[in-house]
Amino acid sequence: MKIIDVIVRSSLAVSLSVAVACVQQDDQPAPEVGTSFQGLNAQLAHGRDVWFKNTYGGEKFFTFLANHPDPSQRIKIGFEAVVNTPRAVRFDVWGVINDPDCTADPAGGPDICADPNATGIIGIRKFPGPGGSTMYGAACASCHAGFDPIHPPADPNEPT
């Protein structure tokens with residue numbers, strides 16, 4: 001397969017997952033409402049949680065793409081490579097934002113997080129998959145969260 005085909009198919013896969021997310025909003029239960037955060041009322045905190053946590057079934061879509069019945073149509077998105085990149089260089093290598101609520105695992109691999117669906121990366125979520133596998137999905141914040149441009153973190157690999 002030509003590299004341009006892979007790029008086009010990957011772009012299509014991401015576009016389709018966003019479209020699926022917009023249509024199938026009832027695939028997952030609503031996230032729990034967080035506590036007040038920087039003066040947010042419960043409704044705004046709930047919106048923040050949706051932005052950071054809901055994948056709207058995208059993990060099922062990415063798993064389908066990786067396991068398509070026609071092997072020539074399979075597309076594997078590299079979530080595991082990103083999640084397993086050491087936290088200290090993850091922003092430098094991939095441009096993703098580390099979740100300040102998680103910490104690096106001293107043994108290596110994915111971060112240690114209190115939230116069982118967190119991966120250590122803002123907006124990238126994990127879920128139990130078929131046969132004990134892990135499915136990965138992307139919440140809105142995976143693309144639509146960023147640092148404060150006026151007060152960026154001193155180390156973008158360790159935001160607070």
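The values are calculated or read from the model by the stated rules, or taken from the named source; none is laboratory data. Source: prediction; values computed, not measured. Note that each Cβ is placed from the backbone with ideal geometry, even for glycine, and that neighbours are counted across all protein chains shown.
What is the number of the single condition among (1) closer than 16 Å to Y136 by Cα; (2) in a helix (DSSP H, G or I) that V93 does not meet?
(1)
Counting only residues that are touching a strand residue (DSSP E or B) at 6+ places or on another chain (Cβ under 8 Å) and on the phi > 0 side of the Ramachandran plot, which one in the range 117-159 is surrounded by the most Cβ atoms within 10 Å (Cβ to Cβ)?
G120
List every residue pair whose Cβ atoms lie under 8 Å apart, where the two residues are 6 or more positions apart in sequence or sit on different chains, the first residue falls within the range 146-157 and is under 17 Å from D99 (Cβ atoms) and at pLDDT 90 or above, and the second residue, located anywhere, is hydroxyl-bearing (S, T, Y) and in a loop (DSSP other than H, G, I, E, B).
Every condition considered, the pairs that remain are P153/T160.
Take the range 77-107 and flag every residue that is more than 27 Å from N67 (Cβ to Cβ) and in contact (Cβ under 8 Å) with a residue 24 or more places away in the chain.
R87, A88, V89, F91, D92, I97, N98, P100
For the range 57-82, name all the residues that are within 13 Å of Y136 (Cα to Cα), part of a helix (DSSP H, G or I) and small (G, A, S).
Answer for the range 57-82, where residues must be within 13 Å of Y136 (Cα to Cα), part of a helix (DSSP H, G or I) and small (G, A, S): G58, A66, A81.
Inside the range 100-110, can you point out the residues that are buried (at least 18 other Cβ atoms within 10 Å of the Cβ) and more than 12 Å from N157 (Cβ to Cβ)? Can you show your working first?
Let us first name the residues in the range 100-110 that are buried (at least 18 other Cβ atoms within 10 Å of the Cβ), namely 102, 104, 110.
If the condition is that a residue be buried (at least 18 other Cβ atoms within 10 Å of the Cβ) and more than 12 Å from N157 (Cβ to Cβ), then C102, P110 are the ones that fit.
Which of the residues belonging to the range 111-127 are in a loop (DSSP other than H, G, I, E, B), more than 19 Å from P156 (Cα to Cα) and not charged (D, E, K, R)?
Once the filter is applied, which keeps residues that are in a loop (DSSP other than H, G, I, E, B), more than 19 Å from P156 (Cα to Cα) and not charged (D, E, K, R), the range 111-127 yields A114, P116, N117.
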